[in-house]
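Undergrad: Got a structure here, written out as structure tokens. Questions coming.
The values are calculated or read from the model by the stated rules, or taken from the named source; none is laboratory data. If you're wondering where the values come from, they're calculated on a predicted model, not measured in any experiment. Here the Cβ positions follow ideal geometry from the backbone for every residue, glycine too, while neighbour counts run over all protein chains shown.
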Amino acid sequence: MILFCLISQASTHNKFQIRLFNQFELLLTLALYYGVFILALPISILLYKTKEQSWFRIVETIRQPVVLSAYKVTFTTACIAATINALAGLILAWVLVRYHFYGKKILDVAIDLPFALPTSVGGLTLMTVYSDKGWMGPICSWLGIQVVFSQLGVLMAMIFVSIPFVVRTVQPVLEGMEEELEEAALCVGASPWTTFWEIIFPPLAPSLFTGTALGFSRAIGEYGSIILIASNIPTKDLVISVLISQRLEQYDYQGATIIATGALLISFAVLLIINSIQVWRQTLTK
């Protein structure tokens, strides 16, 4: 429990005075409470529990073929999903901002559905569409494409849950851009591609990188929809989140902790690289 007051000692008298927090101190206390108890403390405990394990046990767990395959499937698929979302999210945001058409409001609301839906509902929706008896199932079967119970299904689930991050970070920036700059560039003879690359893309790049990084992080941690649409077979389409759940069900708490820590460190390194690239790009544009 947080007490929103301070006990201070007066300089001239040996008496204690009680005063309420001012607005800044209250906000600072709430921010520190969130940062310490919600973010830093759980991560620190996870790292501490991993540190308690011997290096032999850590290396032995990480080098298991099932674990290495799960890391490979998770991060490879998440990178592909983030790349697709960067392009598709940019196009969706562009269409929503620059064009007016029937059903625009419905599309705008539908993009936020992955935020509101339980992830298991998203997985069930994808299964309804892409299973053998679904709407797209016969077409996929005729083309020789298997979506459900395959790594492609994992990719579809990651795209489904993470694409709103790109759209919602790029869309406000597009809305605030002045179209007069684009018209001026076209008037002086610039091609549409040159106008996009030199006028439109530089202001969009930071938000696009941010949305892509957020979507990548969300895809790595996805569980509810993947466990339904994937077969969860080791070395085929088993991902880290499902593997950790399986280890916990087997009462292998130490192994689950080590696997989770590995995923945490790899995710942190990838996000650090993405943020460094973004900062480097901003430095070059100044």
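Undergrad: For residues that are of a type in the set (Val, Ile, Thr) and surrounded by fewer than 21 Cβ atoms within 10 Å (Cβ to Cβ), scanning just region 225-241, find the one that is farthest from Thr125 (Cα to Cα).
TA: Among those that are of a type in the set (Val, Ile, Thr) and surrounded by fewer than 21 Cβ atoms within 10 Å (Cβ to Cβ), it is Thr235.
Undergrad: To continue, here is another question. Select, from Phe196, Phe209, the only residue that is out of contact with any Gly (no Cβ under 8 Å at 6 or more places or on another chain), within 23 Å of Ala81 (Cα to Cα) and of a type in the set (Phe, Trp, Tyr).
TA: One residue alone meets the criteria, Phe209.
Undergrad: Output yes when any residue across region 203-212 is surrounded by fewer than 23 Cβ atoms within 10 Å (Cβ to Cβ), closer than 30 Å to Gly262 by Cα and of a type in the set (S, T, N, Q), and no when none is.
TA: Scanning region 203-212 turns up at least one residue that is surrounded by fewer than 23 Cβ atoms within 10 Å (Cβ to Cβ), closer than 30 Å to Gly262 by Cα and of a type in the set (S, T, N, Q).
Undergrad: Next question. Which of the helices (runs of 4 or more DSSP H) contained wholly in region 13-115 include at least 2 residues that are in contact with a Gly (Cβ under 9 Å, 6 or more places away or on another chain)?
TA: 55-62, 65-98
Undergrad: Tell me, please, whether a residue that is at pLDDT 90 or above, exposed (fewer than 15 other Cβ atoms within 10 Å of the Cβ) and of a type in the set (D, E, K, R) can be found in region 267-281.
TA: Taking every residue of region 267-281 in turn, none turns out to be at pLDDT 90 or above, exposed (fewer than 15 other Cβ atoms within 10 Å of the Cβ) and of a type in the set (D, E, K, R).
Undergrad: It is to be established whether one or more residues within region 189-204 are among the hydroxyl-bearing types (Ser, Thr, Tyr) and within 28 Å of Leu155 (Cα to Cα).
TA: No, there is no match, as no residue in region 189-204 is among the hydroxyl-bearing types (Ser, Thr, Tyr) and within 28 Å of Leu155 (Cα to Cα).
Undergrad: Looking at Leu68, Leu96, which one is surrounded by 14 or more Cβ atoms within 10 Å (Cβ to Cβ), aliphatic (A, V, I, L, M) and more than 16 Å from the chain's Cα centre (by Cα)?
TA: Leu96
Undergrad: Another question, then. Among Gly137, Gly144, Gly189, Gly176, which is crowded, with 17+ Cβ neighbours inside 10 Å, over 18 Å from the mean Cα position of the chain (by Cα) and either acidic (Asp, Glu) or over 23 Å from Ser217 (Cα atoms) (or both)?
TA: Gly137
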